[in-house]
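One structure below.
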Amino acid sequence: MDAYKLMKELRVNYEQEAHYLPKESGLRLIESTTEDDSRISAKCRDAKVEDLWSLTSFFGYSTQTFVLAVNLLDRFLAMIRIQPKHLSCVSVSCLHMAAKVTEEECNLAPPVELIRIGQCRFTASDLCRMEKIVAEKLNFKSNAITALTFLDMYHQIALSHCTDRKEILSLEKLEAQLKACLCRISFSKAKPSVLALSLLRQEIHAVQSEDMLEIASHIQRHLKITDVELRLWSERVARCLSDYSSPECSKPNHRKLQWIVSRRTAQNLHSLRTVPELPTIPEGRWDESESEDSCEDLMSSGEESLSSSLGSDAEGPYFPLHLRRQHLHA
């Protein structure tokens, strides 16, 4: 797409972005809620978004899926008051709804698998009912205009003028930085166009490109974004990314993503005090009957779980790595 068409489409998205913003009054109510309250607090919401990031990475979903899921979640939470015990069902429902819009059908995780890996305490029927509620309340039928929408377009516009900067201005890094920001509810109050431009300018300053900075200024003038608004969110983005870069930052982990085993296996593992003497593995054909118990244990519904992490994409300042789907069988 040429630069003229990009700028025209950019303007159309800018005029429509307000329809996909969470209610600011609802977000302020969440931010003012204490953890002891019976309502969703900001810390509770942020922790659940980090869990969605973990699930997104585990199933190999795109950044678009994650960003859309967070958008649906925030819009719903800002509109409907729910109890903390229902937050898992709402958040996973938003992720599944987003995935059905953005992912190929062959890559969609079954609801049962989402629930299982997320260690949630609700059924696939509950998930289906919650999806209908969220879709009805948000009048959701297709995609939404998010910060990623603008980030992709800004990146295309920048590259159309500076093709030699393709490797330096990394879209993957920009997307990872966006995900880091979305883990804080305060960024849900930003206009998607402004948040995306703040991230772009942050990266342009990092690569010290004067020509790209001029392009960013041209985009700002085209969308009539004020200097005050852009400066405000640029400073917040810088603080957020600085915090995420520090080793003291508590980054999203995969405490929810655990191998599920049966109670019998869990008890056996917990009861081991010494390293057992392992039998010699016989040569020749694999005896499938010998693996029945282990496969049964691994795939059972499991009343207990072990804290065996599936791995983390929280490496480096902005979590650029992505986990791919791992099978749950031995």
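We did not get these values from a lab; they are worked out from the coordinates using the rules stated. Only a predicted model underlies this, so the values are computations on that prediction, with no experimental measurement involved. When we count neighbours, we look across all protein chains shown, and the Cβ atoms used for this are built from the backbone with ideal geometry, even at glycine.
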Inset, instruction - Could you go through region 169-181 in sequence order and give the Karplus-derived ³J(HN,Hα) for each residue, using 6.51 cos²θ - 1.76 cosθ + 1.60 with θ = phi - 60°, rounded to whole Hz, and x for Gly and Pro? - result: 8, 7, 5, 4, 5, 4, 5, 5, 5, 4, 4, 4, 5
Inset, instruction - At 7 Å along the Cα-to-beta-carbon direction for both R231 and C128, put a label point, then send me their distance in nm to one decimal. - result: 5.5 nm
Inset, instruction - Please tell me which of these pairs span more than 20 angstrom C-alpha to C-alpha: K100/K173; K43/K189; K23/K191; K23/K137; K48/K85? - result: K100/K173
Inset, instruction - Report the extension gain between R11 and K137 in nm, rounded to one decimal, defined as 0.36 nm multiplied by the number of residues separating them, less their alpha carbon distance. - result: 42.6 nm
Inset, instruction - For region 36-46, just list the computed ³J(HN,Hα) in residue order, Karplus coefficients 6.51, -1.76 and 1.60, θ = phi - 60°, integers in Hz, with x standing in for Gly and Pro. - result: 7, 6, 8, 10, 6, 9, 4, 5, 5, 4, 4
Inset, instruction - Extending each Cα 7 Å along its Cβ direction at K189 and A47, get the distance between those two points in nm, one decimal. - result: 2.3 nm
Legend entry - Descending semi-axes in Å of region 1-120, equivalent ellipsoid built from Cα gyration tensor: 27, 22, 10
Legend entry - ³J(HN,Hα), Karplus 6.51/-1.76/1.60, whole Hz, each residue of region 87-99, x for Gly, Pro: 5, 4, 5, 5, 5, 5, 4, 5, 5, 5, 4, 5, 5
Legend entry - Added length on full extension, which subtracts the Cα-Cα distance from 0.36 nm per residue, K23 to I82: 19.7 nm
Legend entry - Listed peptides 169-178, 123-132, 100-109 by packing density, highest first (mean Cβ within 10 Å): 169-178, 123-132, 100-109
